[in-house]
Amino acid sequence: MTRYPALIDGETGAYGVTFPDLPGIAAMGESLEKAILNAEEALRDCAVEADKDGAKIAPSSAIEDVAVPSGSALVSVPLTRSSGG
């Protein structure tokens, strides 16, 4: 399973998640758990749309190579695909 580094910022009630390797792909959530779940869904949707277009999404960076801005946390989000994809 491929995992993508993601940056989380925000505060209780309003968290945002972005993917350094995938500009424009983002998710939000009222809790850290919900933000990460939404990030998994956004990542999956990105891969599905790329597949439909016959394209590939950018490869994931090694987590240790990602710069973490002040006020952000670094997590790893799995790219899950349905058995058909």
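Quick note: the coordinates plus some simple rules give every number you see, no bench work behind them. Computed from a predicted structure; not experimentally measured. All Cβ positions, even for glycine, are placed from backbone atoms using ideal geometry, and neighbour counts span all protein chains on display.
Worth pointing out:
- Calculated [θ] (222 nm, deg cm²/dmol) that DSSP helices of n ≥ 4 give over the chain, each run adding -39,500 (n - 2.57): -8500 deg cm²/dmol
- Applying both filters, DSSP loop and at most 14 other Cβ atoms within 10 Å, to the GluC sites (Glu not before Pro) of the range 1-39 gives E30.
- Within the chain: Cβ-based charge dipole about Cα centre, in debye rounded to nearest 20 (Lys, Arg +1; Asp, Glu -1): 240
- R0 of 30 Å, Cβ-Cβ distance S61-T12: FRET efficiency to nearest 0.05: 0.55
- Model label points for S76 and D53, set 7 angstrom from Cα along the Cα-to-Cβ axis, are 2.8 nm apart.
- Projected label distance in nm at T2 and V68, using a 7 Å step from Cα toward the beta-carbon: 2.4
- Relative to the longest principal axis of the Cα atoms of the chain, the long axis of helix 32-52 lies at roughly 20 degrees.
- Measuring max minus min along each principal axis, the C-alpha atoms of the chain give extents of 37, 27, 21 Å (largest first).
- The range 35-85: C-alpha gyration tensor shape, a/c 1.5 cut-off, then a/b vs b/c: prolate
- Centre separation in Å (Cα based) which lies between the range 1-18 and the range 28-83: 8
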